[in-house]
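The values are calculated or read from the model by the stated rules, or taken from the named source; none is laboratory data. Not measured: the values here are computed from a predicted model. Note that we place each Cβ from the backbone using ideal geometry, even for glycine, and neighbour counts take in every protein chain shown.
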Amino acid sequence: MISRGNSVGQGNTLQHHVRSHVGRRRSNNQDSAVVIPAESPNSFHKHGWLFIVADGMGAHAGGEEASRIAVARIPEIYSDLKPKYSPPLALSQSLRQANKEIHSKGESDPNYKGMGTTCSTLVLLPQGAIVGHVGDSRIYRVRGHDIEQLSRDHSLAWEVAAASGQNDPTQGANLPSVPKNIITRSMGPHSDLDIDLEGPFPVEQNDLFILCSDGLSGTLSDEEIALFASELTLEEATAAVVGLALVRGAPDNTTVIIIKAGPEEVTQYSRRETSWPLEDDGGSIASHRRPWIFLGIAAVSFFLCLVTYSAYKSYDGNDDFFRRMFLAGSIITMGLTLGSVFGSFFSFALIKPRKKIKVILPGRGTSLGRAPYRRYDSTPSEKIFNRIIRSLDRAQSELEEAGLTEESEKITETIKNARNAVQSSNFSMATQAIADGLQTFSHTIQSSMLTDTDTKGSS
């Protein structure tokens, strides 16, 4: 949508919820997540909402430290870079700088040698949503009954699938049987970093954006994630998707952020939108402005010189002090004028010529990257629900075998309610019944520790 004035939208109707779980086999949580809100309409226009999920890798505390640095430093660097002038450039520079810091710490401290992290970032602005991404964590958009993957997995499985032509972005073909935990790109191992930038994606009211680690996307299908996000409140949805991951064994840390756009986040472009540069132009903005600043100072100084000299010549009083002051003022301002002229001359002579750079103009049909990479129809169906109910059946059996009779009976009841609702095509009721069962299992996990932990770092 195009508006006549500046980009509109206050950015104050957005909802979000974050949830993270260590899983059932890990002893520590190496995932990190952060939400940096736009606390005012002005901050929404300047830097937008910022969301980050990072999945750390490395033995001992290495992965945990790497993901912690990512979610702590990227927002700080992004804000310092004044992202209003080019959010995608500020975002990419933030990821690269944070990568250098993670790499430097890994090289200087033997305890963190080789540590790394994935990093999926989403910036929500009046001009739309921008993605900055490294690794195999994911970012989705759910609109209506479609779920789209806005990030590309930097994994061996994805690369093999793409090379074999099986990665159809409109159909989301299954990946071939290759190891899914081998990633080809991450922050930390190397000082240089190749980043995927995507967007800006226009935002519509009730659009859902989902950021998650592979602990979630590796245990749930995209359609299942979209189902819970669409049918439940955000808090219930994060609980349900993490709960289903736990039901299915949760071999890795699981982290998810679900975001819902309101009317004040709807993208409306201005006819006066400025372009966003995607790289440095070889000469800073300040260096190009400096000669003109000197000329401005010279003009003002020369005017003051004329005023003070005129006052000196026309002064007919008896007090020589004022005459001397006017003369001194004219001499000083003339000196400042000459100095500013020479400063402007040398600034023009030393200025670095600007190189041609890539730019993007929001709202004019150009975008970064090739997203969406996959698209699924997530319309509620009996097939999706039957798959989830089978998982709940196994969870019920697990609780029964562990002697947790009361909890087992609760899940049996929710399974019965869910099946009845599915048979009558009441999918909203079926979703709520399943969510209740998943909540029961999650609470049981927390209290009874039905968990088989190991001490290996996540991957």
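Within segment 109-127, the set of residues being modelled with pLDDT of 95 or more and out of contact with any helix residue (DSSP H, G or I) (no Cβ under 9 Å at 6 or more places or on another chain) comprises Ser120, Leu122. Does segment 34-42 contain at least one residue that is modelled with pLDDT of 95 or more, under 29 Å from Ile182 (Cβ atoms) and either crowded, with 18+ Cβ neighbours inside 10 Å or not polar (S, T, N, Q) (or both)? Within segment 34-42, one or more residues are modelled with pLDDT of 95 or more, under 29 Å from Ile182 (Cβ atoms) and either crowded, with 18+ Cβ neighbours inside 10 Å or not polar (S, T, N, Q) (or both).
Each residue in segment 248-282 was checked for being out of contact with any strand residue (DSSP E or B) (no Cβ under 8 Å at 6 or more places or on another chain) and charged (D, E, K, R), and 7 pass.
The conditions of being crowded, with 16+ Cβ neighbours inside 10 Å, of a type outside the set (Val, Ile, Thr), out of contact with any strand residue (DSSP E or B) (no Cβ under 9 Å at 6 or more places or on another chain) and at pLDDT below 95 are not met by Leu392. Among the residues in segment 221-236, are any of a type outside the set (A, V, I, L, M), within 20 Å of His154 (Cβ to Cβ) and touching a residue at least 12 places away in the same chain (Cβ under 8 Å)? Yes.
Of all residues in segment 232-282 being in contact with a Phe, Trp or Tyr (Cβ under 7 Å, 6 or more places away or on another chain) and β-branched (Val, Ile, Thr), which is farthest from Ser367 (Cα to Cα)?
My answer is Val247.
Only a single item in (1) aliphatic (A, V, I, L, M); (2) within 24 Å of the chain's Cα centre (by Cα); (3) part of a helix (DSSP H, G or I) is not met by Ile257, and it is number (3).
Please work out if Phe303 is assigned to a helix (DSSP H, G or I), at pLDDT 85 or above and not assigned by TED's automatic domain parsing to the domain that holds Ala90. So Phe303 fits the description; yes.
Each residue in segment 24-33 was checked for being within 17 Å of Leu216 (Cβ to Cβ), surrounded by fewer than 24 Cβ atoms within 10 Å (Cβ to Cβ) and polar (S, T, N, Q), and 1 pass.
Scan the strands (runs of 3 or more DSSP E) fully inside segment 49-154 and keep the ones with 1 or more residues being within 15 Å of the chain's Cα centre (by Cα) and buried (at least 23 other Cβ atoms within 10 Å of the Cβ).
Where strands (runs of 3 or more DSSP E) fall fully within segment 49-154 and carry at least 1 residues being within 15 Å of the chain's Cα centre (by Cα) and buried (at least 23 other Cβ atoms within 10 Å of the Cβ), they are 49-57, 119-125, 128-134, 138-143.
Picking from residues in segment 193-227 that are closer than 25 Å to Pro263 by Cα, over 13 Å from the mean Cα position of the chain (by Cα) and aliphatic (A, V, I, L, M), the one that is surrounded by the fewest Cβ atoms within 10 Å (Cβ to Cβ) is Leu208.
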